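Okay, structure first, notes after.
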Amino acid sequence: MKLLVITGGRHPYEESTPILNDFLSAAGHDVTVTDDAAPLADAAAMDGYDALVFNTRRENLPDFGDLALAPAEQDGMARFIRSGKGFVCIHISTCLSNAWPEYHDITGGGWITGASFHPPYGQFTVNVSNAGHPGVQGVSDFTTNDELYMGLAHQEGNEVFLTGDSEEGTWPWGPDRAPTPMPGGTFPLAWTRSYGDGKVFVLLLGHDGRSFETPEFQKIVLNGVDWATA
């Protein structure tokens, strides 16, 4: 499949995106990687791709400039997916930009800066909650080093197939690293949904290079590409 990977923003993408490119290419996909979102506004160019992969954080953030998608890029991306193409959205790529409040209509929810949070990066078990889902074909419960997201936006229509459990606790959070109570419970880590005629595959794992090196993570992403382009 021909894939466009958009990267860049406030996350260690210099670690994770080369690994993503390597395992997608090793699986036989034709991969184009860029931190420039301008191709999204070019309908003729986008029609040449089978799926769009986001490993990026598209906001206006200090020290990273304004990476929020321009209106023409938003419209082009929505058209591309709605027309029947695939979208694979990794980790904080679900982050809602103030410039595009409708974005979560595509992703089915995800990160909201200032409202979402997570315990410290560390090792935890990822549970396959829907063993029959194509996203986890060939994958059982596994351990990874990553972030377990909480306090996300969620919309109806998401088919969750991965979860993670966390105990209630208090951890440093926010710019001032203030002690912050966080709930215990079971939290969604991956889901699929439809957007128009397109297929959307969301995987909340994938913080850094170490996370991307987890074999099960790579298998899930590859499953997601296969599902989204079928």
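Here, each number is a calculation from the coordinates, and none is a lab measurement. Computed from a predicted model, the values in this text were never measured in an experiment. Positions of Cβ are generated from backbone atoms using ideal geometry, with glycine treated the same way; all protein chains shown enter the neighbour counts.
What the table below lists for this structure:
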| read-out | value |
| --- | --- |
| Unit charges on C-beta of K, R, D, E only; dipole of the chain, Debye | 280 |
| Ranked by how many other beta carbons lie within 10 Å on average, peptides 190-202, 111-123 from highest | 190-202, 111-123 |
| Rounded D (µm²/s) - the range 101-229, Kirkwood Rh over Cα pairs, Stokes-Einstein at 37 °C, 0.692 mPa s | 214 |
| Signed unit charges on C-beta, dipole axis of the chain, positive-most listed residue ASN60, GLY209, SER93 | SER93 |
| Charge-dipole axis of the range 7-163 as Lys and Arg at +1 and Asp and Glu at -1 on Cβ define it, positive-most pick from GLY110, LEU20, ALA131 | ALA131 |
| Sorted by Cβ density within 10 Å, fewest first, the residues MET46, MET150 | MET150, MET46 |
| Cα centre as origin, Lys/Arg/Asp/Glu Cβ charges: the range 30-75 dipole, Debye | 140 |
| For the range 29-148, fraction of C-alpha pairs farther apart than 17 Å, in % | 65 |
| Estimated FRET transfer efficiency (ALA38, TYR121; beta-carbon r; R0 35 Å; 0.05) | 0.60 |
| By average C-beta atoms within 10 angstrom, highest first, the peptides 14-20, 206-212 | 206-212, 14-20 |
| Cα convex hull of the chain, projected area averaged across orientations, nm² | 11.4 |
| Burial ranking of peptide ranges 219-229, 127-137, 74-84 (average Cβ count within 10 Å, highest at the top) | 219-229, 74-84, 127-137 |
